[in-house]
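The values are calculated or read from the model by the stated rules, or taken from the named source; none is laboratory data. Keep in mind the model is a prediction, meaning the values are calculated, not measured. Glycine also receives a Cβ, built like all others from the backbone with ideal geometry; neighbour counts cover every protein chain displayed.
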Protein chains: 2
Amino acid sequence: MKAEIIAVGTELLMGEILNSNSRDIARELYNLGIDVYHQSVVGDNLNRVSKELETAFERADLVITTGGLGPTRDDLTKEAAAHFLKRDMILDEESIKHLEDFFGSRGLPLNEGNKRQAYFPEGAKIIPNENGTAPACIIEFDEKVLVILPGPPREVIPLMEKYIIPYLEKRTGKVFISDIINISGIGEGHMEEKIMDIIEAQENPTVAPYAKEHGLTLRVTASASTEQETRLLLEPVVKKICDRLGMDVYAIGDTTLEAVVASLLIEQNLSISVAESCSGGLLAGRLINYPGISKVFKEGFITYSNESKINTLGVDSKILSNYGAVSEEVAKQMAKGAANRAKSDVALSITGIAGPDGGTDEKPVGLVYIGLYLLGEVKVMKMDSWGSRDNVRRRAVSQALDMLRRELQIRASK
Amino acid sequence: MKAEIIAVGTELLMGEILNSNSRDIARELYNLGIDVYHQSVVGDNLNRVSKELETAFERADLVITTGGLGPTRDDLTKEAAAHFLKRDMILDEESIKHLEDFFGSRGLPLNEGNKRQAYFPEGAKIIPNENGTAPACIIEFDEKVLVILPGPPREVIPLMEKYIIPYLEKRTGKVFISDIINISGIGEGHMEEKIMDIIEAQENPTVAPYAKEHGLTLRVTASASTEQETRLLLEPVVKKICDRLGMDVYAIGDTTLEAVVASLLIEQNLSISVAESCSGGLLAGRLINYPGISKVFKEGFITYSNESKINTLGVDSKILSNYGAVSEEVAKQMAKGAANRAKSDVALSITGIAGPDGGTDEKPVGLVYIGLYLLGEVKVMKMDSWGSRDNVRRRAVSQALDMLRRELQIRASK
């Protein structure tokens, strides 16, 4: 099945808002194995929307529109669809009743604009919208399908999940299952190299990167007629990728690196503290994202100045002046010092040159040392990062979490 | 002038990433008084991109494409443009030299894919890209203009600002000037209410929200034939909005709340420390975004546990057990304790219930206390926040920075 997405709205054309609906709908269709070849944005204009539908259906079997179902005179996606399909607009009794109840219960009159929200092109299957006043609808014609959705994302996402995806699954006659593989401590290019042949050979299951705020993620999606058959297709490919990437895979499923680290600490009954220089709180910030962290998180020290490294963490002032604040030795002493002060089993430290200034030939911007104290032993990792101040800091935090994650997973497997 | 935007990239069609480029480009065109009637997304396919250009130029005088300039074989937006325009692809000597320098300085060989980035449709005006390896270009033909931009937003935004907007300004024969008004400590709805009449009466200058990672921003843009005339149109409207919003405006121009706070601290020669509980490092993280912060930032204490509040900050254990960690009294003692320990002139503290668990009827999720110590005096602000754990924490950080900003601005004005 080939699909297109049409977002209707002048506010999109003017760049006032991000078109997150097209992204969200496209992702769902991709997971259903439905190819999206084209997306477009048009204004709230009857002829332009109607013309866009015509062009889209020349290329596709499924078109999903979003937006233009509001109560104002601008909103006319359904009218444009009726015009394109040469059908009349018909009042849906149940929708009007629902609107009367909705407005009545708030003591508001039902105005003409809201009444228009209960009219649909003849033959449309009405889809109730529990999060707004504009119902959606599905129109089938000539083996093709037009799905008309409202504009607000908080209405679109539930409508997709509850009604449109099940409808499309039924239409495709298939069951879809996805697994998410979470990867860290390795660059995107390096990861792709390791599994390029699997990505290239993919068909069913499909393997695709899945964007997340931090780190790399792959989504593997299989489809077959039954759940059992689908799992039989999915599992060997997930296993093959995990075998290939080894310890670079930190978890399967919808989770985060900090959640995995926190869970490992809790399981192994290890308390943690952190000492941060250039990352200045972002490492603690990531760990404390995890709601259950209070069980193991002892304390964090943001020792950005040399003075605070000496006074709070007990870093040796001679070592500081001999090696500089950004050095293996200082990273080591920071980690030890944090563990010592907070009386924690584990401590992570970060010291580096985040830029944009402060770099030298010997110690360029992007140089970061990460210290890891674990029950008496200290390790240090050197990192050469790049990009903006923000990028250097964020990468250092992910790298520190990953360094600890690997140690804890090795410990767990022993 | 009528414009269209074409985003090229299979990752957009698959819903992997948000199409922020189309939004950003659309907004810039809107500010230039250029109407965007259509946006589209197509995959990296020569025939489809070429066909899309043809359709777009049937309706528009200006088409801006973004994406498909990378070094891989998939990337062929320029080839599709050459195909559509029936022009050859020509090597640009300057671009190839730039690429050789770029890769040479990193000790990397220039591969075939990267060499392709130096070829352009014949007659193209090459635009250097300071943030990536793919130069942009402008092609003029039959009174029409095709602008070809790369895909990464951090390359697109500077290219638009530095080259494309000035080029289009020149073409429209007008001077455009924008002022950015940065607002904090007030909700979007409340702000709109205060200036709704100004927004509604707008025409020239236009007043539009401008999305930023933190806080509210308005962009006011005027246009006229000369710079002087433009400023005469712009300034009274900016002044009117600033008068209306008063201290809710924290700065005019391209800056951040943390940069304003940091500059005020440096100007007033005040050192700062922070003590964080639920925000767990995010406040220090925001402050340390500002590269010059080392002049005034003494130390940060992430005292998530009661133990660390007592041991490190000297919070009274009786006060902790009587009032609870999330209380006015503890926020006060945390701020005092941080200033005391770090010997700083200013200290900010945050303690709250970020959720999702841990709330009670008396102290619900979202309850946050912010303490501000300033040269011996302590103030506390109570905040009722909402939403996810992440949202509660981020809002608390912005609120804390805003509380300090207001104090420092009042101090500066005395």
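Quick notes on this structure:
- Failed item, numbered, when A:LYS363 is tested on (1) within 12 Å of chain B (Cβ to nearest Cβ); (2) charged (D, E, K, R); (3) surrounded by fewer than 20 Cβ atoms within 10 Å (Cβ to Cβ): (1)
- Set side by side, the residues A:LYS78, A:LYS97, A:LYS51 differ, and just one is more than 21 Å from A:ILE157 (Cβ to Cβ), away from chain B (no Cβ under 14 Å), basic (Lys, Arg) and part of a helix (DSSP H, G or I), which is A:LYS97.
- For A:LEU69, the conditions (1) within 30 Å of the chain's Cα centre (by Cα); (2) crowded, with 24+ Cβ neighbours inside 10 Å; (3) at pLDDT 95 or above are fulfilled apart from (3).
- Some residue of region B:261-281 being closer than 30 Å to B:MET196 by Cβ and under 25 Å from the mean Cα position of the chain (by Cα): yes
- Selection within region B:288-305 - out of contact with any Gly (no Cβ under 6 Å at 6 or more places or on another chain) and at pLDDT 95 or above: B:VAL296, B:PHE297, B:LYS298, B:GLU299, B:PHE301, B:THR303
- Within region A:153-176, the set of residues being within 16 Å of A:ASP61 (Cβ to Cβ) and among the aliphatic types (A, V, I, L, M) comprises A:ILE164, A:LEU168.
- Sole residue being modelled with pLDDT under 95 and on the phi < 0 side of the Ramachandran plot, chosen from B:ALA124, B:ALA134, B:ALA81: B:ALA134
- Region A:290-312, subset farther than 14 Å from B:SER305 by Cα and at the interface with another protein chain (Cβ under 7 Å from one of its Cβ atoms), residue surrounded by the most Cβ atoms within 10 Å (Cβ to Cβ): A:ILE302
- Residue pairs meeting the criteria (Cβ under 9 Å; at least 6 apart or on separate chains; first in a strand (DSSP E or B), in region B:235-258; second of a type in the set (Ser, Thr, Tyr)): B:VAL249/B:SER184; B:TYR250/B:SER184
- Residues of region A:275-295 that are part of a loop (DSSP other than H, G, I, E, B) and β-branched (Val, Ile, Thr): A:ILE288 alone.
- Listed by position, the strands (runs of 3 or more DSSP E) contained in region B:109-211 that have at least 3 residues being closer than 30 Å to B:ASP92 by Cα are B:119-121, B:125-127, B:136-141, B:144-149.
- When residues in region A:4-39 are screened for being over 13 Å from B:MET14 (Cβ atoms), of a type in the set (Ser, Thr, Tyr) and surrounded by 24 or more Cβ atoms within 10 Å (Cβ to Cβ), 0 of them pass.
- Single condition B:GLU122 does not satisfy, out of (1) among the acidic types (Asp, Glu); (2) out of contact with any helix residue (DSSP H, G or I) (no Cβ under 6 Å at 6 or more places or on another chain); (3) surrounded by 15 or more Cβ atoms within 10 Å (Cβ to Cβ): (3)
- Some residue of region A:17-40 being aromatic (Phe, Trp, Tyr) and within 12 Å of another protein chain (Cβ to nearest Cβ): yes
- Number of the exception - A:LYS332 against (1) charged (D, E, K, R); (2) touching a helix residue (DSSP H, G or I) at 6+ places or on another chain (Cβ under 6 Å); (3) in contact (Cβ under 8 Å) with a residue 24 or more places away in the chain; (4) more than 10 Å from every other protein chain (Cβ to nearest Cβ): (2)
- Condition check for A:GLU377: modelled with pLDDT of 95 or more and acidic (Asp, Glu): yes
- Search result, residues across region A:2-16 that are in contact with a strand residue (DSSP E or B) (Cβ under 6 Å, 6 or more places away or on another chain) and facing another protein chain (nearest Cβ under 8 Å): A:LEU12, A:LEU13
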